[in-house]
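Trainee: One structure is given below, represented as structure tokens, and several questions about it will come after.
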Amino acid sequence: GDILLIYDKIKAICEEKSLSIRQVEVAAGLKNGAISKWNDSSPTVKSLKAVADVLKVKVDKLIS
């Protein structure tokens with residue numbers, strides 16, 4: 001399948017915006033390494049929203 005996993009999608013957006021995953025985690029108030037676990041376990045809506053806000057994108061862009 002050609003499903004882009006949430007982590008990979010966030011990573012790609014980070015690269016476009018010259019941010020590190022760690023910077024996004026800090027800004028979103030998440031624990032170190034939290035985002036990298038999202039390929040295996042789904043994030044909470046609250047966490048997703050926080051990351052989307054930091055990246056200035058809609059949540060849909062992270063999960064579509």
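The values are calculated or read from the model by the stated rules, or taken from the named source; none is laboratory data. Computed from a predicted structure; not experimentally measured. Cβ sites come from the backbone with ideal geometry, for glycine too, and all protein chains shown count toward neighbours.
Trainee: Could you pull out the residue among Ser18, Ser41, Ser36 that is farther than 15 Å from Ile63 by Cα, surrounded by fewer than 18 Cβ atoms within 10 Å (Cβ to Cβ) and among the polar types (S, T, N, Q)?
Mentor: Ser18
Trainee: Residue under question is Ile35, and the condition is that it be of a type in the set (A, V, I, L, M) and touching a residue at least 40 places away in the same chain (Cβ under 8 Å); does it hold?
Mentor: On the way: of a type in the set (A, V, I, L, M): yes; touching a residue at least 40 places away in the same chain (Cβ under 8 Å): no.
Here the answer is no, as Ile35 does not meet what is asked.
Trainee: Could you please find all residues in the stretch 10-56 being out of contact with any helix residue (DSSP H, G or I) (no Cβ under 7 Å at 6 or more places or on another chain), polar (S, T, N, Q) and modelled with pLDDT under 95?
Mentor: Ser41, Ser42, Thr44
Trainee: For the stretch 43-62, what are the residues that are in contact (Cβ under 8 Å) with a residue 24 or more places away in the chain, in a loop (DSSP other than H, G, I, E, B) and closer than 16 Å to Leu5 by Cα?
Mentor: Across the stretch 43-62, the qualifying residue is only Pro43.
Trainee: Still on this model: Select, from Ala27, Ala52, the only residue that is surrounded by 14 or more Cβ atoms within 10 Å (Cβ to Cβ), on the phi < 0 side of the Ramachandran plot and out of contact with any Lys or Arg (no Cβ under 8 Å at 6 or more places or on another chain).
Mentor: Going through Ala27, Ala52 in turn, the sole match is Ala27.
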